[in-house]
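Below is one structure; the comments refer to it alone.
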DNA sequence: TAAAACCCTGGAGTGCGCTCCAGGCAAGCG
DNA sequence: CGCTTGCCTGGAGCGCACTCCAGGGTTTTA
């Protein structure tokens, strides 16, 4: 009934999903609104991804409606991961293009992935540095500010 | 010859209020271009930070030029850290406002910092998930060592 | 003392990643 | 049959975080 809209609720099971396959098995065809429900992306965004070339061609029904398949969901999964590394969409598009172009882009793809991995590692390190700062600051606040932390309830 | 870049991992050790470190000692007054060199931010950005209320008011010379002091650099340091957690500038402004407002915002500040810390931890976890995906994919590419695509596309 | 280098302001412009709009098919139902 | 729901398209619009510009003072160097 109300599967529409871009809201986020749905699965609130932590952040990082160790997903293996949480897909309605058997099926290999989904409408855009189903994909919205799966990915948390909006339909607008899904169509936009396609327009800019971030998606491999998505199948269409005989009336022109999108029919996503499992491989599309897998791809969106990867895109989602890359997205939260901060990789610009343009770079992902480049990667998608290389995939489409075939085997001779093999090495380039490999290198792009490795570069990305380096970036991710660097970002994790940065964040850990930030965490250290926050910890220090929080401890400082906690030590200095006696009038808190004793709030019974909650 | 600039010292820019934020690549310092676990610099400084002490945890607390005073934190003078690796700054042209003795001095406590810097022009905007010196701050640019220190922080890697542009002068535009520094002025913009001030306009939007992200900076406590910066001293001025008798002719109206900015004269940053060590406490300003410390603040910019924190801002830089928070920035790379992805915290929106608006939130940092809110924090800055609370600092200006005085002690009665103490608890709120504390909570904001803690919430931020939770976010950072979550983001680190996400990134580590992404790292795992990248590792798998890179290994796959490396192992295959030969054309073949299972990018979820064709 | 003149040129060069540096700094000031308010406001407009930019790039990114969406997000929304208007207008319009297609299918299911009551 | 009309109504509602779901999807389609191209293009305009938005929020964020800067970034740049015009026009004009000030400070330093030669």
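The values are calculated or read from the model by the stated rules, or taken from the named source; none is laboratory data. Note that this is a predicted model, so its numbers are computed, not measured. Because the Cβ atoms are built from the backbone with ideal geometry, glycine has one as well, and the counts that use them run over all protein chains shown.
Looking for whichever is modelled with pLDDT under 90 and either within 17 Å of residue B:118 (Cα to Cα) or in contact with a strand residue (DSSP E or B) (Cβ under 6 Å, 6 or more places away or on another chain) (or both) here; the options are A:132, A:125, A:142. Which one fits?
Of A:132, A:125, A:142, the one residue that is modelled with pLDDT under 90 and either within 17 Å of residue B:118 (Cα to Cα) or in contact with a strand residue (DSSP E or B) (Cβ under 6 Å, 6 or more places away or on another chain) (or both) is A:142.
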Of the residues in the range B:86-110, those that are under 20 Å from residue A:128 (Cα atoms), surrounded by fewer than 17 Cβ atoms within 10 Å (Cβ to Cβ) and modelled with pLDDT under 95 come to B:86
Within the range A:111-136, of all residues that are within 8 Å of another protein chain (Cβ to nearest Cβ) and in contact (Cβ under 8 Å) with a residue 24 or more places away in the chain, the one nearest to residue B:129 (Cα to Cα) is A:120
Name the single residue that is farthest from DNA strand D (Cβ to nearest atom) among those in the range A:25-61 being within 14 Å of chain B (Cβ to nearest Cβ), within 14 Å of residue A:89 (Cβ to Cβ) and surrounded by fewer than 17 Cβ atoms within 10 Å (Cβ to Cβ). A:53
Odd one out for residue A:79 among (1) more than 7 Å from every other protein chain (Cβ to nearest Cβ); (2) surrounded by fewer than 16 Cβ atoms within 10 Å (Cβ to Cβ); (3) within 21 Å of the chain's Cα centre (by Cα): (2)
Subset of the range B:31-46 [part of a loop (DSSP other than H, G, I, E, B), within 12 Å of DNA strand C (Cβ to nearest atom) and in contact (Cβ under 8 Å) with a residue 24 or more places away in the chain]: B:31
Any residue that is modelled with pLDDT of 95 or more and within 11 Å of DNA strand D (Cβ to nearest atom) - is there at least one of those in the range A:70-79? no
Got at least one residue in the range A:76-90 being touching a strand residue (DSSP E or B) at 6+ places or on another chain (Cβ under 8 Å), without any contact (Cβ under 8 Å) to a residue 24 or more places away in the chain and near DNA strand C (Cβ under 9 Å from one of its atoms)? no
